[in-house]
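The structure appears right after this line, and notes come after that.
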Amino acid sequence: MTKAKNLTPRKVKDNDFDLIRAINSGQVDKFHDLVKRYEQKLYNFSLRTCWDPRDAEDMVQDTFLNVFRYLKDFRYETRFKNWLYKVAASTCIKQRRKSKFAPEKELSWEEFYAGDGTGAPAQVPGWASIPLNQLLNEELSETLNQAIMSLPRKYRLVVILRDIEGFSTIETAQILDLSSANVKVRLHRARLYLRDKLKGYYEHDR
Amino acid sequence: MTGEYRDHTHCLEMFKKLSEYIDGELDHVTCAEIEQHSENCVACFSCLETLKRTVAICKNTKDKPVPREFSQRLKEIIQNLPKTTSL
């Protein structure tokens, strides 16, 4: 017999639910409040995903229009933010605009593994050992954003959701319709790729 | 810590699990193995620390402000939406 708990949706607490219920019950003017709440987060998610600011603006606009269109179908079984990013990721994937920065290809962990230790640093490099606040600046942000943009999209979306937006492995898997194992594999390869780019920046590009 | 430790089988096993280790997604036994190995292998310790730093830089990256013109345009689009979500 199936356990009852499998049939009952998990109760989710979310500060957005009251606002969504108000909008769905006819206070449509409040949709603007929802937009203001997530406009900046979504704009930056889109910017990191699309790179081109005009594409990012199109993505934000299309995402909010899709959210409005489907808001009545929202079931309150997940946090609204997760549902919003699912709509945004889907909008991004449907755009299918090929970026000059991001050829679609597979990354393999072998290309990041130093193998027998050859090429592995004899000590932890300075950029990984000095206090983080001494490292963070606009140039580093720009380097990171360019590195993220040069990732193939399937890896880019995972690392943005996990390491920048702060979603868990399970949440990221739900947003992208992937298995948790697949999220972990993509995340590890994406991080290794970004690490190599940051290493190159500190050792050669500065 | 010494740079003399060279059990490459362990290096490879550890390398594949570093992200899960950083994210706290491994069991205690595997975590202890990774910690013990990285204490004795400078290459893997360095690999772990640079990967940790990469994640920390990602987590601390700042957002850009939304361009005012776009924000205004979005507001106008929202104002022109239907007066119900139940269509």
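The Cβ shell under 10 Å around A:SER168 holds other residues with a net charge of -2, Lys and Arg each +1, Asp and Glu each -1. Rolling a 1.4 angstrom probe over the protein heavy atoms with all chains in place gives chain A an accessible area of 53 Å² per residue.
Taking a straight line from the alpha carbon of A:LYS94, these aspartates and glutamates sit under 19 Å away, with near neighbours fewer than eight places off in the same chain left out: A:ASP52, A:ASP55, A:GLU57, A:ASP58, A:ASP62, A:GLU104, A:ASP177.
For A:GLU111 and A:LYS13, FRET efficiency with R0 = 41 Å and r from the beta-carbon atoms, rounded to 0.05? Please report the intermediate quantities before stating the final value.
On the way: r = 43 Å, r/R0 = 1.05.
Approximately 0.45, to the nearest 0.05.
Remark on the stretch A:59-79: accessible area falls by at least 40 square angstrom from chain-alone to full-complex state for A:GLN61, A:LEU65, A:PHE68, A:LYS72, probe 1.4 angstrom.
Trypsin sites (Lys or Arg not before Pro), restricted to the stretch B:12-78: which are DSSP loop and have at most 12 other Cβ atoms within 10 Å? Walk me through the intermediate numbers first.
On the way: sites: B:LYS16, B:LYS17, B:LYS52, B:ARG53, B:LYS59, B:LYS62, B:ARG68, B:ARG73, B:LYS75; in loops: B:LYS62.
Those that pass, being in a loop and sparsely packed, are B:LYS62.
Output the pairs from A:LYS81/A:LYS184; A:LYS197/B:LYS59; A:LYS41/B:LYS75; B:LYS16/B:LYS59; A:LYS105/B:LYS52; A:LYS11/A:LYS41 with a Cα-Cα distance over 18 Å in this structure; if there are none, say none.
Numbers: A:LYS81/A:LYS184 21 Å; A:LYS197/B:LYS59 16 Å; A:LYS41/B:LYS75 16 Å; B:LYS16/B:LYS59 21 Å; A:LYS105/B:LYS52 25 Å; A:LYS11/A:LYS41 25 Å.
Correct reply: A:LYS81/A:LYS184; B:LYS16/B:LYS59; A:LYS105/B:LYS52; A:LYS11/A:LYS41.
Can you give the calculated 222 nm mean residue ellipticity of chain A, where each DSSP H run of n ≥ 4 adds -39,500 (n - 2.57) and the sum is split over every residue, rounded to the nearest 500 deg cm²/dmol?
Details: 10 runs with 118 residues, N = 206.
After summing the helix terms and dividing by the residues of chain A, the value is -17500 deg cm²/dmol.
When the accessible areas of A alone and B alone are added and the area of the pair subtracted, with a 1.4 Å probe, the result is around 4800 Å², both sides summed. When a 1.4 Å probe is rolled over the protein heavy atoms, the share of accessible surface on the stretch A:10-95 that falls to carbon and sulfur comes to 45 percent. With the simple spin-label model, which puts each label point 7 Å out from Cα in the Cβ direction, the B:THR9 to B:GLU76 separation comes to 6.9 nm. Using a probe radius of 1.4 angstrom, the carbon and sulfur fraction of the accessible surface of chain B is 50%. Using a simple spin-label model with pseudo-atoms 7 Å out from Cα toward Cβ, A:ASN66 and A:LEU132 lie 3.1 nm apart. When the solvent-accessible area of the stretch A:109-205 is split by element, carbon and sulfur atoms take up 47 percent of it, the probe being 1.4 Å.
Determine the per residue accessible area of the stretch B:8-79 with all protein chains present and a 1.4 angstrom probe, expressed in square angstrom.
Numbers: 3760 Å² over 72 residues.
Here the residues of the stretch B:8-79 average 52 Å² of exposed surface.
For chain A, leaving out every one of the GluC sites (Glu not before Pro) that falls in a DSSP loop and has at most 13 other Cβ atoms within 10 Å, the longest unbroken run is A:107-206. Here the stretch A:160-189 and the stretch B:28-67 have alpha carbon centers that stand 17 Å from each other.
The values are calculated or read from the model by the stated rules, or taken from the named source; none is laboratory data. Please read these numbers as outputs of a predicted model, since none were measured by experiment. Cβ coordinates were reconstructed from backbone atoms using ideal geometry, including for glycine residues, and neighbour counts include every protein chain displayed. Surface accessibility is based on the protein's heavy atoms, side chains included, excluding ligands, DNA and RNA. Shrake-Rupley method; radii C 1.70, N 1.55, O 1.52, S 1.80 Å.
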